[in-house]
Amino acid sequence: MPKAYFTTPIFYVNDIPHIGHAYNILATDTLVRYWRKKLGRENVFFLTGTDENSQKTVDAAKKANEAVGPYLDKMAKNWQTTWEKCGIDFDDFIRTTEDRHHQKVHEVLQKIYNAGDIYLGEYVGKYCTGCETFLKEDELNEKGECPDHLKKPDELKEKNYFFRLSKYQDLLLDLYAKNPNFLQPEKRKNEVLSFIKSGLEDISISRESAEIGIKFPFDKSHTIYVWVEALINYISGCPEGETSDFWKNCTHIVGKDITKFHNVIWPAMLLSAKISLPKEVFAHGYFTIDGTKMSKSLGNVVDPLDLSDKFGNDALRTGLLSSFEFGNDGDFSVRNFEEFYRTKLAGGVGNLFNRVIILVHKFLDREKVTVTTNEVDIKKDLEKFNNLLEQKKLKASIDHFFTVVDSANQLLNDTEVWKLAKTDLEKATDIFGQLLNKLVVLAQMAEVILPESAPKMKTMLGDKNRLGKAIILFERIE
Ligand SMILES: [Zn+2]
């Protein structure tokens, strides 16, 4: 059986999980559920975790008057439980302060060093502690500040280890020529390609005076730049390691802001260490909240747990993922989300299941329902849904699910089967059969996009001999 391995970025441990992070991990979890259904759970692996070796975390711990270790434990736990509460079914949660990660980082860095791709030099540059990265002049705003943090970066001059990224320019172009899907969607790939073609410079990969982090295996006085070691988490957490089929079939799901790391530096590091590359990187877009960039100062930061508490995890997932297509930029509107809940979930699929189950109970025994529905239609609906998921078109797959819901509701209303059953039970029975078949397809699709409702749907559908009782899938919320 083929394998599949999915990763999210590891999240900065001292951030508070917000809906932007939730978007990434819910999308990944949805793809994972599709592949688990297709390949079997044991053949699919889902890794997420926290990025902890950053000076920012040390500063935050000091500010909170806590020791770094317990502070990190507390913050990492917060991420893990947030995702569990959101219904994310990951297989492993990696923390970059773990031994297994440190060991793997040493191993990989030693390989790159042995390949002659790491050398000691002097770095003079502008470093933004907020970004944890050196910024070039042309990346600063008019005031000479980091555009994200509106703070002048620190002038740094220090002895640094460098990675010979420049050596990999042609090899990377070759990689994209041979493997056009290595970065999706296309527009992201074009950005990365033009960045590579503009000329790659060697990059500094060490910090001399860090209070936290992983030391170089060949020089314990230098700490490895956090971004470089963070990328290696994907291997530290890979089941059966970097020679396994999991690794070769790995998909990194990332935000579009970190493609330079995932699509230039990361493959170059792997080429240098002679480790095979992951299968692909998919970079999703950014979204605004009601047309405005989400920010603490505007007070419009959405906590995914608020939506989950009030509407449930299936609503959080489908409401968010259907706001705009995966890979594009978009907008999330709380009002549209509530409308989606009211019309598509409670009034749509929830109401459909309830009505059909109650009506069939009222008029027939389950075994009397003849399955006359055209099986081809059912296969076609499922195939279309699966095809969309293979292409990572998450919004389109959710939309397709609701097209089937709408068609079932229409059949119910057009035939007025509750009246028909009193005058022509035979004809009504045929329509009940068609409706039940649609519910069977919907329950199958729900395993991927509405995982908390899917078992309830199956319970309602019962088996060949016995229909289950109607269950409310989505409570009406005023
Ligand atoms: Zn910054």
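Evaluated with a Cβ-only charge set (Lys, Arg +1; Asp, Glu -1), segment 304-461 carries a dipole of roughly 320 debye about its Cα centre, given to the nearest 20. For segment 4-285, the square roots a ≥ b ≥ c of the C-alpha gyration tensor eigenvalues yield an a/c under 1.5, which makes the shape rounded. Each residue of segment 192-201 was assigned a 3J(HN,Hα) from its phi angle through the Karplus curve 6.51 cos²θ - 1.76 cosθ + 1.60 (θ = phi - 60°); the sequence is 5, 4, 6, 5, 5, 5, 5, x, 9, 9 Hz, with glycine and proline shown as x.
Think of each Lys and Arg Cβ as +1 and each Asp and Glu Cβ as -1; about the Cα centre, that makes the dipole of the chain roughly 980 debye. Applying a 4.7 Å Cβ-Cβ cutoff to the chain, the cysteines left without a disulfide-compatible partner are Cys86, Cys238, Cys250.
Considering only alpha-carbon pairs that sit under 8 angstrom and 6 or more positions apart, the relative contact order computed for the chain is 16 percent.
Each 10 Å bin from zero up to the one holding the largest Cα-Cα distance in segment 304-461 carries the following percent of pairs: 10, 38, 33, 15, 4, 0. In plain terms, the residue of Ser276, Ser206 with the fewest other Cβ atoms within 10 Å comes first and the most crowded comes last, giving Ser276, Ser206. Helix 375-390 axis versus longest C-alpha principal axis of the chain: approximately 10°, rounded to the nearest ten.
When you filter the trypsin sites (Lys or Arg not before Pro) in segment 244-284 for DSSP loop state and at most 14 other Cβ atoms inside 10 Å of their Cβ, you are left with Lys274.
With neighbours defined as other Cβ atoms within 10 Å of a residue's Cβ, the residues Arg317, Arg207 order from fewest to most as Arg207, Arg317. With R₀ fixed at 56 Å, the C-beta to C-beta distance from Asn336 to Glu240 puts the FRET efficiency at about 0.85. Amide hydrogen proximity for Asp331: with H placed 1.01 Å from N in the peptide plane, the residues at 5 or more positions away or on another chain lying under 5 Å are Thr288. You can think of it this way: the chain between Leu411 and Ser166 has 82.0 nm of extra reach, that is 0.36 nm per residue less the Cα-Cα gap.
Rg/Rh for the chain stands at 1.04; both radii use Cα atoms, and Rh follows the Kirkwood definition.
Take the Cα of Val124, step 7 Å toward its Cβ, do the same at Lys274, and the gap between the two points is 3.8 nm. Taking label positions 7 Å along the Cα-Cβ direction at both Glu201 and Glu478, the computed distance is 6.3 nm, reported to one decimal.
Laboratory data are not the source of any read-out in this text; all were calculated from the coordinates shown. For clarity, every value in this text was computed on a predicted model and none was experimentally measured. Note: ideal-geometry Cβ built from the backbone for every residue, glycine included; neighbour counts use all protein chains shown.
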